[in-house]
Amino acid sequence: MHYRRPGLDRLSHALLVLCCLLFLLPVWLAFTASTHTPGELYSQTAPLWFGEAGWDNYRHLLDGSVGGLGTDVLTLLINSTLMALGIAIGKIAISVLAAYAIVFFAFPCRRLCFWLIFITLMLPVEVRILPTFEVVADLGLLDSYAGLILPLIASATATFLLRQFYLTIPPELVEAARIDGAGPWRFLRDILLPLSKTNLAALFVIMFLYGWNQYLWPLLITNDADYLTIVVSLKRLLTSADGLVPWQDVTATAVLAMLPPIAVILLMQRYFVKGLVDSEK
Amino acid sequence: MATLRLNGIRKRYPNGITALHDIDLDVVDGELIVVVGPSGCGKSTLLRTLAGLEAISDGELTINGRRVNELEPAERDIAMVFQNYALYPHMSVAGNMGYALKNRGMPKDEIRRRVAATAELLGLSELLERRPRQLSGGQRQRVAMGRAIVREPQVFLFDEPLSNLDAKLRVQMRLEIRRLQKRLGVTSVYVTHDQVEAMTLADRLVVMNAGRVEQCGTPMALYEQPATLFVASFLGSPAMNFLPVTVHRDGVVLPNGTQLALALPVAMPEGRVTNLGVRPEHLVEAASRPDTAAVLDVTVEMLEPLGADMLAYTRLSGLEEWLVVRLDGAHAAHEGQRLSLTFSLADCHVFDADGRRVSMTEGAAAKAQACQ
Ligand SMILES: Nc1ncnc2c1ncn2[C@@H]1O[C@H](COP(=O)(O)OP(=O)(O)OP(=O)(O)O)[C@@H](O)[C@H]1O
Ligand SMILES: [Mg+2]
């Protein structure tokens, strides 16, 4: 929508800037706070500008003694990244195949299958967390990457979204491919996946963030500090034993925790834009 | 090079609709068969069963004498051009054209060579790197043709390939398809609901109605000797005029009671209701035929000047439909004018009450059976 009214333009810009500032303020506060010494943080209100201790604070986190967590921030980041990547890639792989089967193959009970998948949308992780824990524990997957990833890997949401996209693919395209001698795998690889590139990039970002932000599940199944994720560690830092919260550590960890998701978004953004420009319809 | 034989092909969809009833057809090598018929008569279904996209419920389909009922589309060695082209949007023109060859495991050089040769033939050489969305409708159509040609298949199948083009381009592509088909000599089945396209393209024409073949033969044979009322009304534009008449002792009686002294070509019992079909171009002014006995007095209600011709929509009392007459373009007719029209017996087609032709000559009867 574009109205030729300069006043309106300026007003909407002002609103936009205001909203951006509101969103950025906490991030800014965290960032500035992470550059002060604990003493400064306890003696004054939240600082709006950088302090002197930034370098030391961050190096301290990488040294391997984060507030008594028994591990360094790098391990936390790697754990989180592995978990989030595993969940995102796994979810996409499974949903692509599930949606492909549901849309393009006529097998008995395929509607039933779809609805079974669909109703699991209504079950959040928390509802099934106890039985899942039981299963994972029995399989001996506590304190392992497999245990972190596998239970979260099925996605009704992604299956549903991909199904909706596949349904928009003209049947003639499928038939043309059949006549051109493309079997089911070729069709998936040569036609369906390239056509859903944009959707997959978007799903990947959403699923990566979902995996990155998992809290309850990793908290439950990891005791070993080697498998601790960064989101869980933030909460641990807040409940430190001696009662004094190491705010400089918390904020610096939080800032670091934002970096991988931002990197993923920036990386995938290229594909959305390219996909949108390239797309046929 | 291929012959195609359909033997009692029947198609029943899972929902119980029988879209094809016992279709028999022999397509000889290099022939261009056009299947024409109104919407929903089963043309696409027929083509899709030939392609292998729909399973054949009953009957046998052979290509070069080999039964192909159970073969996958890719194994039948056919190529199909779709109405909406169905180009792969994410592949370049060259990619689209070469995809089938790639799936066959043909070496890259060979693919490139064949794609280039086909592109040359169709005037697509400049466009090989473009994506389908960067092409005009006509160019897309060409790419779709190229995708079919490059495979050098046994049979081409076309499902209304020109219906998304504008009128001028349609005429141009029609000529081009005809030229290419003759040049490549590939047996083809072409589906359309446009009867002009059908008449101009076909070596032989198959007119379908409600899942059955009404008649099959050369375009002129069908035009001159339509076997049924349906074929007669379907071919020709404007359509044939029909006069419902009752057989009388010395001729026929029109609904308004006018007697026409016509000796029908076949003896029919008095009182039998039949349909007389006369094409618009065969109705002439009675003044030019002083010897005629069959005169129709009509009133001109509307005129459509087409340049060379003028179509007059006239009213014959007692008849619900217009009587359409093709007059000379320079004719000085005006709306409301009264005309006396006549026709010669040789130009009129007689159909009995259930729509079968009764005035069929022996030769035409034999030709109509030529599908089998
Ligand atoms: N997949 C299907 N399932 C059930 N019935 C179908 C299916 N496809 C077509 N039909 C029915 O079969 C009949 C023939 O359809 P078809 O598409 O062959 O017609 P057509 O001659 O190609 O028409 P048009 O000129 O409109 O394309 C129609 O009555 C249609 O409703
Ligand atoms: Mg059709």
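Residues being within 12 Å of chain A (Cβ to nearest Cβ) and open to solvent by 30 Å² or more (accessible area, probe 1.4 Å): count how many of those fall in the stretch B:128-161.
4
Checking B:Leu180 against (1) within 16 Å of ligand 1 (Cβ to nearest atom); (2) more than 14 Å from chain A (Cβ to nearest Cβ); (3) buried (at least 16 other Cβ atoms within 10 Å of the Cβ), which single condition isn't satisfied?
Condition (1) is where B:Leu180 drops out.
Just to check your reading of the model, which residue among A:Leu209, A:Leu167 is surrounded by fewer than 21 Cβ atoms within 10 Å (Cβ to Cβ), closer than 18 Å to A:Phe105 by Cα and more than 10 Å from every other protein chain (Cβ to nearest Cβ)?
Working: A:Leu209 fails: closer than 18 Å to A:Phe105 by Cα.
That would be A:Leu167, the only listed residue that is surrounded by fewer than 21 Cβ atoms within 10 Å (Cβ to Cβ), closer than 18 Å to A:Phe105 by Cα and more than 10 Å from every other protein chain (Cβ to nearest Cβ).
Out of B:Glu214, B:Glu270, which single residue is of a type in the set (Asp, Glu) and not in a loop (DSSP other than H, G, I, E, B)? Walk me through it before giving the result.
Details: B:Glu270 fails: not in a loop (DSSP other than H, G, I, E, B).
When all the criteria are applied, what remains is B:Glu214.
Let me confirm something: among B:Ala19, B:Ala79, which residue is in a strand (DSSP E or B) and within 16 Å of ligand 1 (Cβ to nearest atom)? Step through it out loud before you land on a result.
Details: B:Ala79 fails: within 16 Å of ligand 1 (Cβ to nearest atom).
Just a single option satisfies the conditions, and that option is B:Ala19.
Only helices (runs of 4 or more DSSP H) wholly contained in the stretch A:1-84 count here; list those with 3 or more residues that are closer than 30 Å to A:Met207 by Cα. Before the answer, list the steps.
Numbers: elements: A:6-33, A:38-43, A:54-62.
Here the list reads A:6-33, A:54-62.
Could you check, for the stretch B:298-313, whether at least one of its residues is touching a Gly at 6+ places or on another chain (Cβ under 6 Å) and of a type in the set (D, E, K, R)?
yes
I'd like to know if the stretch B:1-14 contains one or more residues that are open to solvent by 80 Å² or more (accessible area, probe 1.4 Å), within 14 Å of chain A (Cβ to nearest Cβ) and within 16 Å of ligand 1 (Cβ to nearest atom).
yes
Kindly indicate whether B:Ala74 is open to solvent by less than 30 Å² (accessible area, probe 1.4 Å), facing chain A (nearest Cβ under 8 Å) and at negative phi. Walk me through it before giving the result.
Details: open to solvent by less than 30 Å² (accessible area, probe 1.4 Å): no; facing chain A (nearest Cβ under 8 Å): yes; at negative phi: yes.
Considered against the rule, which asks whether it is open to solvent by less than 30 Å² (accessible area, probe 1.4 Å), facing chain A (nearest Cβ under 8 Å) and at negative phi, B:Ala74 comes out as no.
Just for the stretch B:82-101: of the residues that are assigned to a helix (DSSP H, G or I) and within 20 Å of B:Gly52 (Cβ to Cβ), which one is farthest from the other protein chains (Cβ to nearest Cβ)? Even if it seems obvious, please write down each step before you answer.
Step one: of the stretch B:82-101, the residues assigned to a helix (DSSP H, G or I) are B:93-101.
If we keep only those that are within 20 Å of B:Gly52 (Cβ to Cβ) as well, we get B:99-101.
On the way: B:Tyr99: 5, B:Ala100: 4, B:Leu101: 9 Å.
Filtering the stretch B:82-101 for residues that are assigned to a helix (DSSP H, G or I) and within 20 Å of B:Gly52 (Cβ to Cβ), the one farthest from the other protein chains (Cβ to nearest Cβ) comes out as B:Leu101.
Which count do you get for residues in the stretch B:17-54 that are away from ligand 2 (no atom under 11 Å from the Cβ), more than 14 Å from chain A (Cβ to nearest Cβ), open to solvent by 10 Å² or more (accessible area, probe 1.4 Å) and more than 12 Å from B:Arg204 (Cα to Cα)?
6
Which of the residues spanning the stretch B:57-71 are in a loop (DSSP other than H, G, I, E, B), without any contact (Cβ under 8 Å) to a residue 40 or more places away in the chain and away from chain A (no Cβ under 14 Å)? Quick ask: steps written out before the conclusion?
At the first step, the residues of the stretch B:57-71 found to be in a loop (DSSP other than H, G, I, E, B) are B:57, B:64-65, B:68-71.
Checking which are without any contact (Cβ under 8 Å) to a residue 40 or more places away in the chain leaves us with B:68-71.
Answer for the stretch B:57-71, where residues must be in a loop (DSSP other than H, G, I, E, B), without any contact (Cβ under 8 Å) to a residue 40 or more places away in the chain and away from chain A (no Cβ under 14 Å): B:Asn69, B:Glu70.
The values are calculated or read from the model by the stated rules, or taken from the named source; none is laboratory data. All figures in this text were calculated on a predicted structure; none of them were measured in a lab. Cβ coordinates were reconstructed from backbone atoms using ideal geometry, including for glycine residues, and neighbour counts include every protein chain displayed. Remember, those area values only see protein heavy atoms, side chains included, never the ligands or the DNA or RNA. Shrake-Rupley method; radii C 1.70, N 1.55, O 1.52, S 1.80 Å.
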